[in-house]
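The values are calculated or read from the model by the stated rules, or taken from the named source; none is laboratory data. The model shown is predicted, which means the values in this text are computed figures rather than measured ones. Neighbour counts are summed over all protein chains in view; Cβ atoms, including those assigned to glycine, are modelled from backbone coordinates with ideal geometry.
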Amino acid sequence: MPNTPSAIKRLKQSQKRRLHNRIAKKVIKTYTKRTLAALADGDMAKATVDFNATLSKIDKAGARRVLHPNTAARRKSRLARAFRDAANKAS
């Protein structure tokens, strides 16, 4: 346990940041799964809406360093490739 007031404050800050980051990562995973499920079902209208929302969440997380920017780019790329393949298959 921290003893000094500054260490106590840093612990509180890090706990709050960790919780916020975990929530942000969970939201990204949920949106990604939702998008992939819509693509698997062939529902391109819902998949398009979910795809755009997912990209937005990933962009924000990368910009805020919740995710490393390269990780954010990789996830966006993989999702975009899956979306493109599903769109080509549907048409």
- Would you check if residue 43 is over 20 Å from residue 20 (Cα atoms) and either free of Cβ contacts under 8 Å to residues at least 12 places away in the same chain or aromatic (Phe, Trp, Tyr) (or both)? yes
- Message: If I ask for residues that are part of a helix (DSSP H, G or I), surrounded by 14 or more Cβ atoms within 10 Å (Cβ to Cβ) and among the acidic types (Asp, Glu), which ones from segment 29-58 would you list?
- Response: 50
- Query: Based on what the data block shows, is residue 65 in a helix (DSSP H, G or I) and of a type in the set (D, E, K, R)?
  - Reply: no
- Within segment 65-78, is there a residue that is more than 23 Å from residue 20 (Cβ to Cβ) and not polar (S, T, N, Q)? yes
- Message: I'm trying to understand the selection: among the residues of segment 76-91, which are assigned to a helix (DSSP H, G or I) and either closer than 11 Å to residue 35 by Cβ or free of Cβ contacts under 8 Å to residues at least 12 places away in the same chain (or both)?
- Response: 77, 78, 79, 80, 81, 82, 83, 84, 85, 86, 88, 89
- Task: Could you give me the residue pairs with C-beta distances under 9 Å whose first residue belongs to segment 15-39 and is among the small types (Gly, Ala, Ser), whose second residue is in a helix (DSSP H, G or I) and surrounded by fewer than 11 Cβ atoms within 10 Å (Cβ to Cβ) wherever it lies, and which are 6+ apart or on separate chains?
- Result: 38/45
- Task: Return the total of residues in segment 1-43 being closer than 11 Å to residue 83 by Cα, more than 20 Å from the chain's Cα centre (by Cα) and at pLDDT 95 or above.
- Result: 0
